[in-house]
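Take a look at the structure below.
The values are calculated or read from the model by the stated rules, or taken from the named source; none is laboratory data. Quick caveat: nothing in here was measured; it's all calculated off a predicted structure. No Cβ is skipped: glycine too gets one built from the backbone with ideal geometry, and neighbour counts run over all protein chains shown. We work out accessible area using only protein heavy atoms, side chains counted, and drop any ligands, DNA or RNA first. Shrake-Rupley method; radii C 1.70, N 1.55, O 1.52, S 1.80 Å.
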Amino acid sequence: MEEKKGCREQRQLSIYVHIPFCRQKCYYCDFLSARVQEQTKKDYLIKLKEEIRCAADKYQDEIADTVFFGGGTPTLLQAEELSDLLYLIKTSFHVTENAEITIEANPGTISREKLNHLRQAGFNRLSIGLQSTNDRELKELGRIHTYDEFVEGYHAARTAGFDNVNVDVMSALPGQTSDSYCDTLMKVLALHPEHISAYSLIIEEGTLFWDRYGDNAKVLEKYPALPTEEEERKMYQMTDTILEKAGYHRYEISNYALKDKECKHNNGYWERKNYIGLGLGASSLYENTRWKNTDTMEAYLTLATEQFVCDKTVLKKEEQMEEFMFLGLRLTQGVSMEKFQTEFGRTIQEVYPGIVEKYIGNGLLNVQNERILLSKKGIDVSNLVMSEFLF
Amino acid sequence: MAHIDKSKIRNFCIVAHIDHGKSTLADRIIEKTGLLTSREMQAQVLDNMDLERERGITIKAQSVRTVYKAKDGEEYIFNLIDTPGHVDFNYEVSRSLAACDGAILVVDAAQGIEAQTLANVYLALDHNLDVFPVINKIDLPSAEPDRVKEEIEDVIGIEAHDAPLISAKNGLGIEDVLEAIVAKIPAPGGSDDNPLQALIFDSIYDSYKGVIIFCRIMEGTVRKGTKIKMMATGATADVVEAGYFGAGQFIPCEELSAGMVGYLTASIKNVKDTAVGDTVTDADRPCKDPLPGYKKVNSMVYCGMYPADGAKYPDLRDALEKLQLNDASLNYEPETSVALGFGYRCGFLGLLHLEIIQERLEREYNLDLVTTAPSVIYKVHKNNGDVIELTNPTNLPDPSEIEYMEEPIVSAEIMVTTEYIGSIMELCQERRGVYLGMEYMEATRATLRYELPLNEIIYDFFDALKSRSKGYASFDYSIKGYSRSDLVKLDILINREEVDALSFIVHKDTSYERGRKMCEKLKDEIPRQLFEIPIQAAVGSKVIARETVKAMRKDVLAKCYGGDITRKKKLLEKQKEGKKRMRQVGNVEIPQKAFMSVLKLDSD
């Protein structure tokens with residue numbers, strides 16, 4: 001066995017911190033997040049800090065080069081609470097000088113003072129969940145903010161010194177038209193963020209939208225309809241055309257960035273770098289072992305840190321190969337054939353005979369510079385292609 | 001074992017219309033005769049297939065032997081053979097009847113005589129059985145025992161004035177039935193000393209014992225060691241075990257002699273050696289002639305059955321072979337389909353029979369099947385004088401070679417309450433029925449007689465009948481013969497390629513409608529693929545209907561949050577799993593259930 005041969009040059013680590021709180025659940029959201037009592041937040045922070053200390057002890061040989069505070073709405077916490085957490089991470093883990101440190105923010109929760117404070121504390125990348133510039137659409141999504149509040153927050157972030165900002169937008173929203181979506185894109189572009197995440201709405205089970213628009217939903221006229229397939233397609237193509245023209249390149253299925261402004265943290269997920277998730281329901285991958293923290297708040301708060309880990313799986317060779325393929329293909333640069341061979345000792349063609357050829361044949365995959373990547377058409381039906389790489 | 005006095009044996013069966021309480025009465029008889037205590041009784045002892053219990057119908061004939069101490073102080077041996085009620089299983093009924101000397105006719109006190117009551121009772125009379133009626137469900141508020149008694153006497157012409165009035169469900173009047181069995185069913189004839197002559201009425205396969213033959217001994221005696229010979233197949237074997245039927249178990253005994261019903265095992269491994277209806281005799285001292293056996297049944301409905309997983313083809317063959325042993329009315333022969341690969345063209349008595357076999361193959365033999373649209377047997381008269389019996393539409397010769405075609409016609413009797421006559425006549429009209437006449441059985445009930453093409457009733461006629469009469473119509477049919485008809489082959493083209501497994505024969509006048517429905521259905525069943533897929537129905541080179549499956553344009557999971565990839569992987573796995581259940585036809589992937597969707601064309 002050629003163990004770990006050339007697996008990584010240096011021992012890098014990404015850290016994810018989950019803040020599972022929000023002021024109000026958005027109607028489409030199926031993430032682990034909820035409205036809670038102030039006391040629960042306090043208890044949570046105490047436990048989270050304990051988990052951070054505990055984890056830091058285990059990863060003393062690692063250099064953390066990205067930190068990501070996600071949610072929920074991390075900015076629902078006080079600026080002091082957030083900077084405390086980051087301070088603890090910086091002092092207990094080895095976080096590199098130029099690490100990418102992101103925090104997600106809801107436009108309804110960011111004051112000038114808070115942003116200043118966060119920037120001072122060391123957060124250097126801000127990801128703002130805008131979704132739409134149309135207030136009617138925002139209301140329909142159950143968002144707690146208006147477009148004006150977002151613009152205010154955006155400028156405040158710039159003033160505070162955030163020079164790496166992402167804005168989330170969404171298409172295929174109830175009542176949305178290609179015109180209104182175009183308007184959203186244009187207004188966002190006018191602000192020149194470094195990064196834009198553009199998602200197409202998916203109606204997930206267990207959300208309010210599922211009840212309204214899901215497979216078994218009753219038809220109720222009082223809710224605006226979802227766009228037709230044609231309209232939705234138009235929006236989808238518009239995203240690519242407009243953003244590429246404005247100088248953003250699509251580096252992942254739903255993510256666009258200016259040069260060198262790709263989100264390093266998220267790229268780590270697709271490249272299967274080591275990452276550890278801290279907090280309720282957070283996922284980790286470390287040296288081909290995956291696990292997840294409990295997603296029950298009570299368990300998280302009461303159990304010892306070693307006890308709330310669930311679903312610990314040591315990935316078999318096949319599973320590693322599967323992940324290498326279907327995660328790697330999310331990136332527009334695709335997967336490296338050479339890297340695959342170095343890691344697994346066999347070529348992609350050997351492991352998946354005929355599959356790459358088949359999809360090159362029908363124009364869904366391309367090969368460029370020793371990399372296999374999805375074509376533009378392939379991105380649209382990526383699930384179909386990716387599923388072929390499962391055993 | 002003490003010698004059994006033949007005059008104390010009663011071999012009988014119970015016949016009834018479906019749902020009139022035949023199996024429940026059988027249970028009560030078994031219970032009251034003390035073979036089982038009430039506590040041991042599982043509801044409906046004789047229906048021992050899971051499928052039978054679930055559907056509440058009897059599919060296979062089952063036998064049981066019980067002992068009854070009659071009021072005259074004597075002990076009688078009852079051999080009760082339960083029979084299926086549905087019209088599709090007439091053959092099974094016929095087999096059971098041949099093993100009996102008499103029959104109990106069960107009639108529902110509220111519903112009275114129904115189509116299958118008649119069919120089954122005539123079948124019993126044909127076999128020279130003594131039939132006595134029993135009026136069941138007298139506890140129902142709507143029960144009218146006197147009216148029903150009169151009906152039995154008027155319509156069937158058997159005496160009914162002293163028919164026991166019972167409620168099998170509540171155990172009411174069962175004693176009367178038991179006494180009537182003793183009094184009215186004749187004891188078997190035959191002599192123990194004559195050469196062995198036994199009728200095979202069923203058989204099953206046991207992996208330890210080999211074939212187990214169910215037989216009625218007509219003449220002579222058989223015991224362990226007897227060298228037996230099957231008269232039709234010529235196979236010989238030494239009897240390893242002889243015995244009779246307990247409830248759900250085999251009870252070995254020393255010998256079976258004339259008049260008895262029981263089983264034999266003889267280490268017979270080849271299921272084909274023991275044809276149901278054959279006569280078993282002593283190889284060293286054979287009887288002169290075989291018993292008449294049964295009229296060979298002809299399959300009425302055919303369809304292709306294919307293993308979902310092509311590698312399971314040998315398993316399907318084994319399963320069919322074993323099922324056929326248990327169900328002689330099933331026949332099959334290998335065929336190949338461009339779309340579905342290797343499989344079998346199977347013949348059935350009717351659509352219910354088809355469904356039952358399909359379910360049994362799936363449940364008992366753990367097979368995943370793809371079934372093609374059912375077809376009847378068409379007679380194709382070619383220009384050169386040849387006549388082909390066509391069971392697979394794909395084999396239809398080129399129209400230029402065909403002079404004309406014939407299709408099977410049935411005589412149907414539909415009993416219905418008068419208020420639904422109109423809607424039932426309308427239904428028969430839609431199905432190309434020819435009205436023959438109508439008789440009133442009483443003021444509110446009538447029998448409609450129609451001639452109907454068999455291919456119009458094999459799909460869903462029964463369901464349509466029930467829904468249009470709120471369940472009040474009953475139906476029975478028998479094959480009348482063939483009649484010339486304007487038939488065409490409807491082909492289905494998917495992405496401009498003909499899919500052989502989807503072709504079927506249809507009357508010219510209904511081809512347009514059928515084609516349109518078929519295309520609509522397939523459009524719903526075939527998932528979007530990378531390109532647009534035209535679905536066309538064509539007669540010859542003429543396209544008569546078309547639908548389009550739009551190209552798949554989007555299949556992306558946009559968000560993958562916080563490094564939690566498990567959900568994404570699950571979604572991809574599901575997709576991969578779905579792909580396995582697809583059949584590749586040309587470059588289109590067709591889900592297996594699409595092939596079967598044509599069965600349900602008229603359901604909506």
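Below is a table of values for the structure above.
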{"read-out": "Residue order for A:Arg272, B:Arg147, B:Arg484 - accessible surface, 1.4 angstrom probe, largest first", "value": "B:Arg484, B:Arg147, A:Arg272"}
{"read-out": "Separation between Cα centres of region A:106-141 and region A:194-214, rounded to whole Å", "value": "19"}
{"read-out": "Relative intensity, log₁₀ I(q)/I(0), of region A:213-314 from a Debye sum that treats every alpha carbon as a point, q = 0.11, 0.14 Å⁻¹", "value": "-0.67, -0.87"}
{"read-out": "Distance between modelled label sites at B:Glu241 and B:Lys184, nm, 7 Å Cα→Cβ extension", "value": "3.7"}
{"read-out": "Amide proton proximity set for A:Leu365, modelled H, under 5 Å, gap of 5+", "value": "A:Ile360, A:Ser375"}
{"read-out": "DSSP bridge pairs, the protein assembly as shown: antiparallel proportion in percent, nearest 5", "value": "70"}
{"read-out": "Per-residue HN-Hα couplings for region B:577-586 [Karplus 6.51, -1.76, 1.60; θ = phi - 60°; Hz; x = Gly/Pro]", "value": "4, x, 5, 5, 8, 10, 10, 8, 10, x"}
{"read-out": "Over 20 Å [Cα-Cα, region A:317-391], rounded percent", "value": "17"}
{"read-out": "Between helix B:174-184 and chain B: long-axis angle, C-alpha atoms, 0 to 90°, nearest 10", "value": "70"}
{"read-out": "Cα pair distances exceeding 20 angstrom across region B:379-445, given as percent", "value": "52"}
{"read-out": "Rounded accessible area of B:Ile104 (nearest 10 Å², 1.4 Å probe)", "value": "0"}
{"read-out": "Spherically averaged projected area in nm², based on the convex hull that wraps the Cα atoms of chain A", "value": "19.9"}
{"read-out": "Phi to ³J(HN,Hα) by Karplus 6.51 cos²θ - 1.76 cosθ + 1.60 over region A:45-54, Hz, x for Gly, Pro", "value": "5, 4, 5, 4, 5, 4, 5, 4, 4, 4"}
{"read-out": "Protection proxy ranking of B:535-542, A:25-32 - average other beta-carbon atoms within 10 Å, highest first", "value": "A:25-32, B:535-542"}
{"read-out": "Unit Cα scatterers, Debye sum, the protein assembly as shown: log10 I(q)/I(0) for q = 0.04, 0.09 Å⁻¹", "value": "-0.32, -1.01"}
{"read-out": "Net lengthening on full extension, A:Ala217/A:Glu152 (0.36 nm per residue, minus Cα-Cα)", "value": "19.7 nm"}
{"read-out": "Dipole-positive endmost among A:Gly328, A:Leu374, A:Ser387 within region A:317-391 (Cβ charges, Cα centre)", "value": "A:Leu374"}
{"read-out": "Region B:147-215 and region A:34-97: distance between their alpha carbon centers, rounded to Å", "value": "82"}
{"read-out": "For residues of B:565-574, the mean tally of beta carbons on other chains within 10 Å", "value": "5"}
{"read-out": "FRET efficiency estimate (nearest 0.05) - Cβ-Cβ, B:Asp309 to B:Tyr122, R0 51 angstrom", "value": "0.65"}
{"read-out": "Chain A - percent of accessible surface contributed by carbon and sulfur, probe 1.4 Å", "value": "48"}
{"read-out": "Solvent-accessible area per residue, Å², over chain B with all protein chains present [probe radius 1.4 Å]", "value": "41"}
{"read-out": "Stokes-Einstein translational diffusion, region B:323-478 - Kirkwood Rh over all Cα pairs, 1.567 mPa s, 4 °C, in µm²/s", "value": "72"}
{"read-out": "B:Phe214 - accessible surface, heavy atoms, 1.4 Å probe, Å² rounded to 10", "value": "20"}
{"read-out": "FRET E, pair B:Ser191, B:Asp284, Förster distance 30 Å, beta-carbon r, rounded to 0.05", "value": "0.95"}
{"read-out": "Protein-only accessible surface order, largest first, of B:Thr391, A:Thr207 at 1.4 Å", "value": "B:Thr391, A:Thr207"}
{"read-out": "For residues of A:224-235, the mean tally of beta carbons on other chains within 10 Å", "value": "1"}
{"read-out": "Theoretical FRET efficiency, 1/(1+(r/R0)^6), r = Cβ-Cβ of B:Glu442 and B:Lys580, R0 51 Å, to 0.05", "value": "0.30"}
{"read-out": "Residue-normalised accessible area of chain A, expressed per residue, 1.4 Å probe, Å²", "value": "44"}
{"read-out": "As computed over region A:313-361, the Cα convex hull volume per residue (Å³)", "value": "80"}
{"read-out": "Descending semi-axes in whole angstrom, ellipsoid equivalent of region A:239-389, from the Cα gyration tensor", "value": "31, 21, 13"}
{"read-out": "Per-residue average of Cβ from other chains inside 10 Å of B:350-360", "value": "0"}
{"read-out": "Computed Rg/Rh of chain B, alpha carbon atoms with Kirkwood Rh", "value": "1.01"}
{"read-out": "5 angstrom amide H check on B:Ile544, placed H, neighbours 5+ away", "value": "B:Ala537, B:Ala538, B:Val539"}
{"read-out": "Where labels lie 7 Å past Cα in the beta-carbon direction, separation of B:Asp72 and B:Ile158 in nm", "value": "2.1"}
{"read-out": "Region B:160-166 - phi-based ³J(HN,Hα) in whole Hz, Karplus 6.51/-1.76/1.60, Gly and Pro as x", "value": "9, 4, 9, 4, x, 9, 9"}
{"read-out": "Protection proxy ranking of B:429-437, B:341-349, B:17-25, B:442-450 - average other beta-carbon atoms within 10 Å, highest first", "value": "B:17-25, B:341-349, B:442-450, B:429-437"}
{"read-out": "Shape of region B:447-539, Cα gyration tensor, a/c cut at 1.5", "value": "oblate"}
{"read-out": "Distance in nm between pseudo-label sites at B:Thr336 and A:Asp43 (7 Å out along the Cβ direction from Cα)", "value": "7.0"}
{"read-out": "Zero-based 5 Å bins, Cα pair distances in region B:187-250, whole percents", "value": "4, 14, 24, 32, 16, 8, 2, 0"}
{"read-out": "Contact surface B-A: accessible area buried, both sides summed, square angstrom, 1.4 angstrom probe", "value": "3300"}
{"read-out": "List of region B:522-558 residues, accessible area with partners at least 50 Å² below that of the chain alone (1.4 Å probe)", "value": "B:Leu530, B:Arg553, B:Lys554, B:Asp555, B:Val556, B:Ala558"}
{"read-out": "Relative contact order (%) - criterion: Cα under 8 Å, at least six apart; region: region A:11-270", "value": "18"}
{"read-out": "Residue-averaged 222 nm ellipticity for chain A, from DSSP H runs of 4+ at -39500 (n - 2.57), nearest 500", "value": "-11500 deg cm²/dmol"}
{"read-out": "Long-range HN-HN contacts of B:Cys253 with modeled amide H, under 5 Å", "value": "B:Ala242, B:Gly243, B:Tyr244"}
